Amino acid sequence: MSPRRKPIADRPLPSARRAATSPWGEEFICLQSVILVSSVRHPIAIPLPLSPAKMGIAPPANGPRSRGNSIMTMLDQPAIGYDDGDIDTNVSTNGHINDLIALRYSRRQTLRGGLSAMSMAVFGGAMLAGCDQDDTRRATTVTAGDATSTTSGKTVTLVGTVTSGTASSTGWTQTSGPTVALSTNSTGTATFTAPAVTQSTVLGFQFASTSSDGIRSIADTSVTVAPAILDFTAVSKSLADVVAVPSGYQVAVLYRLGDPINGSVGAYANDGSDTTFSARAGDHHDGMSYFGLAASGTTPDASNSSRGLLVMNHENITESYLHPNGPTNLSSGVRPTAEVLKEMECHGL
């Protein structure tokens, strides 16, 4: 057996080649990476140094200072031959590699902890502010239906729906386009007559709902109105005692004998007992003219067919419809004043 050779770690380096004393007052060689060095007998791995500064280890407050601006590396040493001595035992006063790794890990832990503390200091208030009590009020969800199109003169129906929540009120309003008169009801439905236009015109509408908690929700839709066209098929000739109109159209009596023309007169009873024909529709409708008005009712608007002034002449009467027991002394004699006044008021404009 060959004599035990002195470990490489115990062999002093030549003074000219000795690693410079670091600011930590000790010679520091740490494993960073290795380089393969060829020797006569065997190749060996030589560790490259890692400075204590890169390890995050602060120098001693009163330790010796460095004698230069750099630390000599193992690459400056001559090639070292093979040695089978004890190279695992640290016989120096320097710390073990495990201690250095532990110190480095502790430094990382400190940094992580500091970042966490800083994050709480910077963002903590905002996080707490975001945890404020939620608004417990509830809104409704509404729809106004899809956009649609029509032609002048047609009746358009808008349907608004409350799809969720409890609504205390709903309603339609017009948001754009030529003004039309909306007829609404409590079910979220509104109707209007498409105005006369010379080119395609978009009318905007909005359906709104106010929840029981006072939150307003809205939905918008639009109707594109095109100029009027004849888009129906004429009805066949008939002798039936009915009014017939093409499919898709409807007919109704606009103005009948006895209909009130102001708000202070009651509905027509049609039994001869009605009076105040000065504020009711007369009999035997004759020639008439329609004068369109703006939606406000204060200025003319010939294109508005939903609001206007209808001027009509009543040229004659049928007496038997106006009195409970028919006319008194119609052929001769003195007529009752009340009957005469009623018959007079049923004539004229």
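The values are calculated or read from the model by the stated rules, or taken from the named source; none is laboratory data. Keep in mind it's a predicted model, so treat the numbers as computed, not measured. Cβ atoms come from the backbone with ideal geometry, glycine included; neighbour counts cover every protein chain shown.
Count, please, the residues in region 162-181 that happen to be in contact with a Gly (Cβ under 9 Å, 6 or more places away or on another chain) and within 17 Å of Gly292 (Cβ to Cβ).
The qualifying residues number 1.
Rundown of residues vs (1) assigned to a helix (DSSP H, G or I); (2) surrounded by 11 or more Cβ atoms within 10 Å (Cβ to Cβ); (3) modelled with pLDDT under 90, yes/no style:
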site	(1), (2), (3)
Leu309	no, yes, no
Asn313	no, yes, no
Gly326	no, yes, yes
Gly333	no, no, yes
Val340	yes, yes, no
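Among the residues of region 140-153 satisfying the criterion of being out of contact with any Gly (no Cβ under 9 Å at 6 or more places or on another chain) and part of a loop (DSSP other than H, G, I, E, B), which is farthest from Leu230 (Cα to Cα)?
In this case the residue turns out to be Asp146.
Which members of region 157-210 meet the condition of being farther than 25 Å from Gly248 by Cα, of a type outside the set (Ser, Thr, Tyr) and not in a strand (DSSP E or B)?
Gly165, Gly177
Gly153 passes all but one of (1) at pLDDT below 95; (2) at negative phi; which number fails?
Of everything listed in (1) at pLDDT below 95; (2) at negative phi, Gly153 misses just condition (2).
Within region 223-246, identify whether any single residue is among the aromatic types (Phe, Trp, Tyr) and surrounded by 14 or more Cβ atoms within 10 Å (Cβ to Cβ), and answer yes or no. So that I can check it myself, show each step before the final result.
Just the residues of region 223-246 that are among the aromatic types (Phe, Trp, Tyr), to begin with: 232.
Filter once more, so that each one left must be surrounded by 14 or more Cβ atoms within 10 Å (Cβ to Cβ): none.
No; the residues of region 223-246 include none that is among the aromatic types (Phe, Trp, Tyr) and surrounded by 14 or more Cβ atoms within 10 Å (Cβ to Cβ).
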